[in-house]
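Each remark here refers to the structure printed beneath this line.
The values are calculated or read from the model by the stated rules, or taken from the named source; none is laboratory data. The structure presented is a predicted model; accordingly, all values stated were derived computationally and were not measured. Every residue, glycine as well, gets a Cβ built from its backbone with ideal geometry; the counts of neighbours run over all protein chains shown.
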Amino acid sequence: MKKFVLLIFASTVGVSCYTMITTEGSKVKLISEYQGSTCEFVGVVTAYSQVGPTTGHNAENARVQVRNKAADLGGNALHIIGTSTNGRASTVTGKAFSCEF
């Protein structure tokens, strides 16, 4: 019983470290550099993540963070300009835009 409770606790702690996409962040569309040329640039956003169990989880977490940050700046579109991985940590950088779709 103790092992079962510990397993549930450990899995809950691991899940709670991930960034959840906000309602506004979920509305941010990924666009190409070409599509961004017809939109208003609102800023550069960068996110860093090392909380996931794998590099893939960290990369996805950082992508969610940059979408949320783009929305926080008033953007509804994002062009990812760079990703990098250092060990298990991932960084994603993008340009946030306000576009008329």
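Data for the structure
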item: Only listed residue being out of contact with any Lys or Arg (no Cβ under 8 Å at 6 or more places or on another chain), touching a residue at least 12 places away in the same chain (Cβ under 8 Å) and among the charged types (D, E, K, R), chosen from E60, E24; result: E24
item: Number of the condition not met by S90 [criteria: (1) over 13 Å from G43 (Cα atoms); (2) surrounded by fewer than 19 Cβ atoms within 10 Å (Cβ to Cβ); (3) among the hydroxyl-bearing types (S, T, Y)]; result: (2)
item: Selection count, region 70-101, where residues are aliphatic (A, V, I, L, M) and out of contact with any strand residue (DSSP E or B) (no Cβ under 6 Å at 6 or more places or on another chain); result: 2
item: Of residues in region 76-92 being under 21 Å from T54 (Cβ atoms) and among the β-branched types (V, I, T), the one modelled with the lowest pLDDT; result: T85
item: Residue selected from region 29-42 under the condition in contact (Cβ under 8 Å) with a residue 60 or more places away in the chain and among the hydrophobic types (A, V, I, L, M, F, W, C), by the criterion farthest from N61 (Cα to Cα); result: C39
item: Filter pass, R88 being basic (K, R) and within 24 Å of F101 (Cβ to Cβ); result: no
item: Those residues of region 43-60 which are at pLDDT 95 or above and crowded, with 19+ Cβ neighbours inside 10 Å, in sequence order; result: V45, A47
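Residues are listed down the side, and each one gets a yes or a no for (1) exposed (fewer than 13 other Cβ atoms within 10 Å of the Cβ); (2) out of contact with any Gly (no Cβ under 7 Å at 6 or more places or on another chain); (3) modelled with pLDDT under 95:
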residue: F9; (1), (2), (3): yes, yes, yes
residue: I31; (1), (2), (3): no, yes, no
residue: S37; (1), (2), (3): yes, yes, yes
residue: L73; (1), (2), (3): no, no, no
